[in-house]
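Handing you a structure now.
Values in this text are rule-based calculations from the coordinates and carry no lab data. Predicted, not measured: the structure shown is a model, and the values here were computed from it. All Cβ positions, even for glycine, are placed from backbone atoms using ideal geometry, and neighbour counts span all protein chains on display.
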Amino acid sequence: MTAAILAHPATTRTMPHVAIAASACEVGGSAPLLRLWRSVPADAIADRDRVELRALICAVTPLRVEHWREALAGDPAAAVAAALKLSGLDVLDTPRHDLVMSLVLLHALAGSDAARTTLAFVLQRRRYLGEDVERLIASWRRSDRSAIRRASIKALMEALS
């Protein structure tokens, strides 16, 4: 029996999330699609990029990401919660983090102030990686201080719920 199992030819299967993360889905020769959130200001993201990013996100399921299905179904609170759970310094430069933050990006572009605030918060943490992110942070923050405070509180409450 053991010989039959060992003699069976091994099959290799490419997992969609591995293949996509490895190729990083280049967009028009510029920034990789999953890195739009950390390389392109809010007002410079094209509609075509949104559509391609949405299609990519719908095609994969990251491992060990809580609230993924709810966030994918349109719940910005779930996207914020998933992002905040993955905001440790040790995961800031991983494909899984880029995937989760890309979903947060889509919610922010759809009008979620909590997602915009979360993007600004996570981008601030990228300073620890030596990146200059001031322009990106400014593009996601609202200019009204009270709106920023309300969105921050809302993002925190959504993440805790």
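Note down the nm distance, to one decimal, between modelled labels 7 Å out along Cα→Cβ at R69 and at R50.
Rounded to a tenth, the inter-label distance reads 2.7 nm.
Subtract the Cα-Cα distance of A59 and D93 from 0.36 nm times their separation in residues, and report this length gain in nm to one decimal.
So the extension gain works out to 10.1 nm.
Sticking with this structure for a sec: Which of the peptides 120-126, 50-56 is most tightly packed, and how do the rest follow, going by the mean number of other Cβ atoms within 10 Å of each residue?
Those peptides, ordered most packed to least, come out 120-126, 50-56.
By its C-alpha gyration tensor, with a ≥ b ≥ c as the square roots of the eigenvalues, how is segment 39-158 shaped: rounded for a/c under 1.5, else prolate for a/b larger than b/c, else oblate?
Since a/c stays below 1.5, the shape of segment 39-158 is classed as rounded.
Could I ask something else about it? Could you compute the net charge surrounding L99? Neighbours are other residues with a C-beta less than 13 Å from the C-beta of L99; K and R count +1, D and E count -1.
Charge balance near L99 sits at +3.
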